[in-house]
Every structure is written in structure tokens, then in C-alpha cells.
Amino acid sequence: MPKVSTTQMFKDAYAGKYAIGAFNVNNMEIIQGITEAAKDLNAPLILQVSSGARKYANHTYLMKLIEAAVIETGLPIAVHLDHGDSFELCKSCIDGGFTSVMIDGSHHSFEENIAITKKVVEYAHAHGVSVEGELGRLAGVEDDVNVSDEDASYTRPEEVQEFVERTGVDSLAIAIGTSHGAYKFKPGQNPQLRFDILEEVEKRLPGFPIVLHGASSVVPEYVKMINENGGKMPDAIGIPEDMLRKAAAMAVCKINIDSDLRLAMTGVLRKYFAENPSHFDPRQYLTPARAAIKQIVAHKIETVLGNAGKA
């Protein structure tokens, strides 16, 4: 099966009241862990590449690894640019074989956001590629995204219909209380998603696919594993998984997951080196790291996304 766009994926997800997992990739082991879990559970999949990942791993290497995953799994896999910040970056990814791109104009004014998003949509649609836009700004730090709490803002439902109609985007990322990175909420806080905003957006855009960024849950066992083996991560609370599942049963068709993968891999590696300080064969320590990625992706598919058996 060739790489696919997200268009049909999202139609099926909306009708079936589940979401597609969009997992960020940086190297071979992460791609293998994600796709092996999805294959075992027969789940459709989006592999996301940030501009930072492209710089780190090289566009060609990542695309060939993803092509190998498509061949090995036979799954419908979309390749998506995460947080594209310019027309030029989106164009480069489209020309390079991506099947979906995000243009994040949320740091611009409403009119400027519309203008740059529309430009990307026109080019992408001419090449059979789907486009994700964004309204509202999530707090947090992840790769090239860095938004302070003061600069964060919830999506304004009264703007969504005009934005979608004037830009022609295929999906829309909104801000309802999620945040980028692992440091989301402090212990004792009570994380809440603004389902009132999501419900109002759904009323104004019936049947339209919505996206949640910053949706990692910050699995405590991996934070503990990191800190017990030389790490200094503060305790943090992520987005409760029952809230994400509720969102997936509403209009949310795509849920982004990155930090949980990084925490899993880092925790396992720290533990491995603490227990095996003389080992230096990458195959020895990357094998359990890959297995941790697979385990957490399988958990997300079954518990959060609800898309097992939907490929």
C-alpha cells in the first residue's frame, strides 16, 4: 500500500468516533516501534516529522525509513509535517513526498494566518496533499515551538468557520487546554480540557476534523525511571487519557503524541546504562528502547485513540 493522505482517514475516524494517532519520528527505532505496534493492532497511522527532525535525520533518510515501514506493515500511513512555519518549508515537504502538511500561522494575526494558510492550501491541493491549519496557541516547548503561558490563547469558536471557508484547510488544530512538552501541569493541579469550546467548534463545523496538539499524558513510570537513574525531571501531570478518549469520540480525528515517546525511550536508556555501564553496542540498548516505544504506542491505540482494527 502506498503512503496516503489524511482525507479518508479523517472521514472514517469522524464517522467511527475514534482518532488517528499522529506520532513524531526522529530515527529508525522510533519508526519501527510505532509501526510495529500499529501493525499488530491493525491501526491506521500518521507519522509526523517536525522541521527539527528533518534537520537531525535528513529528509531523504526519514522518507526511506517510512517507505520501508509502509512495505513492512502494509498499513495506510500518512506522512505529515508537524508545525510548518513557512510556505517554503511546506512546499519542500510536499515536493519531497509528504502526504499532509501543517502550516502553523497561529502566531500571526487572524488575517495573516488566513493568507499564509490559503497559500499553502492552494499549492498542496494542486499536488494531492492535505493541509492542517491552527487557530489558538498552545503553551509549552517542543522542538521549534516555544510559547509562554502568557502568550497562549484558547481558540475562539466564532472564528473557525470563517477561517476554514476562506483558507480551504482540510483539518484544524485548536487550543482547548493541552500543551506542548512534558512539563504540562504540576502535581496537585487538576488538568481540564475546554470541552465547551470543542462542542461549539463542532456545532460551527459539523463533520469537520479537529486536531489536538500537546496531548501526551506524561507517563509517570518513565519520569520515575529517568529520575532514579540520574535524571532531574520535575514531577509533572499530563493530559488525562479519559479526557483524550472523550475528545476522540467527538470531533477530534487526530491526536498528536511526541513527549510520551521521548520519555519512554529516555527512561529505558537511562535504566539500561545504569544497570550495564560497560555495554557499548547500540543494538543492545536500542532494542529495549524500541520495545518501550512499541508498548506505549499500543497502549495509546487501545486506550486513547480507539482505532485498533480500523486500518
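The combined condition, being surrounded by fewer than 23 Cβ atoms within 10 Å (Cβ to Cβ), assigned to a helix (DSSP H, G or I) and at pLDDT below 95, is not fulfilled by T287.
Count of region 115-137 residues, restricted to those that are surrounded by fewer than 24 Cβ atoms within 10 Å (Cβ to Cβ), within 25 Å of S179 (Cβ to Cβ) and aliphatic (A, V, I, L, M), is 1. Just one of (1) modelled with pLDDT of 90 or more; (2) under 30 Å from S153 (Cβ atoms); (3) open to solvent by 60 Å² or more (accessible area, probe 1.4 Å); (4) in a loop (DSSP other than H, G, I, E, B) fails for P234. It is (1).
Here are G214, G231: which of them is in contact with a strand residue (DSSP E or B) (Cβ under 7 Å, 6 or more places away or on another chain) and either on the phi > 0 side of the Ramachandran plot or free of Cβ contacts under 8 Å to residues at least 40 places away in the same chain (or both)?
Working: G231 fails: in contact with a strand residue (DSSP E or B) (Cβ under 7 Å, 6 or more places away or on another chain).
None of the others qualify; the one that does is G214.
Criterion first (outside any loop (DSSP other than H, G, I, E, B), of a type in the set (G, A, S) and under 29 Å from S153 (Cα atoms)) does A68 satisfy it? Answer is no for this residue.
Within region 1-42, count every residue that is polar (S, T, N, Q) and in contact with a strand residue (DSSP E or B) (Cβ under 6 Å, 6 or more places away or on another chain). Number satisfying all stated conditions: 4.
Filtering T60, T35 for residues that are β-branched (V, I, T) and without any contact (Cβ under 8 Å) to a residue 40 or more places away in the chain leaves a single hit, T60. For region 15-26, a residue qualifies if it is crowded, with 17+ Cβ neighbours inside 10 Å and either polar (S, T, N, Q) or more than 19 Å from E241 (Cα to Cα) (or both), and the qualifying residues are N24, V25, N26.
Of the numbered criteria (1) crowded, with 16+ Cβ neighbours inside 10 Å; (2) at pLDDT below 95; (3) of a type in the set (D, E, K, R); (4) within 19 Å of V101 (Cβ to Cβ), the one D144 fails is (1). If the condition is being hydroxyl-bearing (S, T, Y) and either in a strand (DSSP E or B) or open to solvent by 30 Å² or more (accessible area, probe 1.4 Å) (or both), then region 87-103 contributes S92, S100.
Which count do you get for residues in region 291-306 that are open to solvent by less than 50 Å² (accessible area, probe 1.4 Å) and closer than 18 Å to N24 by Cα?
We begin by selecting, within region 291-306, every residue open to solvent by less than 50 Å² (accessible area, probe 1.4 Å); these are 292-293, 296-298, 300-301, 304-306.
From the residues that got through so far, the ones that are closer than 18 Å to N24 by Cα too are 292-293, 296-298, 300-301, 304-305.
Summing the residues that are open to solvent by less than 50 Å² (accessible area, probe 1.4 Å) and closer than 18 Å to N24 by Cα in region 291-306 gives 9.
Filter region 244-278 for residues that are assigned to a helix (DSSP H, G or I), open to solvent by less than 30 Å² (accessible area, probe 1.4 Å) and over 19 Å from I30 (Cβ atoms) and give the result. Result: L244, A247, A248.
Checking the conditions here, which among A236, A249 is touching a residue at least 60 places away in the same chain (Cβ under 8 Å) and of a type in the set (G, A, S)?
Values: A236 fails: touching a residue at least 60 places away in the same chain (Cβ under 8 Å).
From the options A236, A249, the qualifying one is A249.
Among the residues of region 176-192, those that are crowded, with 19+ Cβ neighbours inside 10 Å and at pLDDT 70 or above comprise I176, G177, T178, S179.
Every listed requirement among (1) in a loop (DSSP other than H, G, I, E, B); (2) within 11 Å of T178 (Cβ to Cβ); (3) open to solvent by 10 Å² or more (accessible area, probe 1.4 Å) is met by F208 save one, (2).
The values are calculated or read from the model by the stated rules, or taken from the named source; none is laboratory data. Note that the structure is predicted; figures quoted are calculated from it, not measured. All Cβ positions, even for glycine, are placed from backbone atoms using ideal geometry, and neighbour counts span all protein chains on display. Only protein heavy atoms, including side chains, enter the accessible area calculation; ligands, DNA and RNA are left aside. Shrake-Rupley method; radii C 1.70, N 1.55, O 1.52, S 1.80 Å.
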